[in-house]
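First up is the structure itself, then whatever we jot down about it.
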Amino acid sequence: MADQTQGVVAHLVLDDAAAAIAFYTKALGATEVMRMPANDGKRLLHAQMIVNGAQIFLMDHFPEYASEHGNNNLAPPKALGGSSVTLHLEVSNCDDAVKRAADAGARVTMPPWDAFWGARYAQVLDPFGHAWSFAHPLPAQQG
């Protein structure tokens, strides 16, 4: 289980949180911690998973409550036309992580490359519109 004192927890808004949990389990090795269904029996009010040792919260989009709670911009990336956030994972092998995500249905937006800052780095976009990056340190260069 992740450290319950984690300083920042990403909270993803999705069109189908249950499908997203299944995708993240396959693509990222996520472990579901809990889910709380909404009264409609279709959406999730709240869910929690662990990815790479960190907590991530998820919820379905509830547009019918947005304006009454002042959350007009609290929507899935596709409804907003994209997201300004990338969730980053430090992994043991960037290439393997990207392949796993792509095999599960993510779109590779930046193939793995040896970045100038000393990491093997890549980015993918998941089927729900959330961006993820992966990296592992490159061996130190002998000079």
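None of the figures in this text is laboratory data; all of them are computed from the coordinates on show. These numbers were taken from a predicted model, which means no experiment stands behind them. Counting neighbours? That spans all protein chains shown, and the Cβs are built from the backbone with ideal geometry, glycine included.
Assorted remarks:
- GLY118 being on the phi > 0 side of the Ramachandran plot and without any contact (Cβ under 8 Å) to a residue 24 or more places away in the chain: yes
- Qualifying position, being surrounded by 17 or more Cβ atoms within 10 Å (Cβ to Cβ), closer than 24 Å to SER92 by Cα and not β-branched (Val, Ile, Thr), among ALA22, ALA30, ALA10: ALA30
- Residue that is surrounded by the fewest Cβ atoms within 10 Å (Cβ to Cβ), among those in region 96-124 that are within 11 Å of ALA135 (Cβ to Cβ) and more than 17 Å from the chain's Cα centre (by Cα): TRP117
- Scanning region 126-133 turns up no residue that is over 23 Å from PHE57 (Cα atoms) and touching a Leu at 6+ places or on another chain (Cβ under 9 Å).
- For region 27-59, residues that are within 18 Å of ARG100 (Cβ to Cβ) and under 12 Å from the mean Cα position of the chain (by Cα) total 10.
- Among (1) in contact with a strand residue (DSSP E or B) (Cβ under 9 Å, 6 or more places away or on another chain); (2) within 20 Å of VAL8 (Cα to Cα) - the single one GLY53 does not satisfy: (1)
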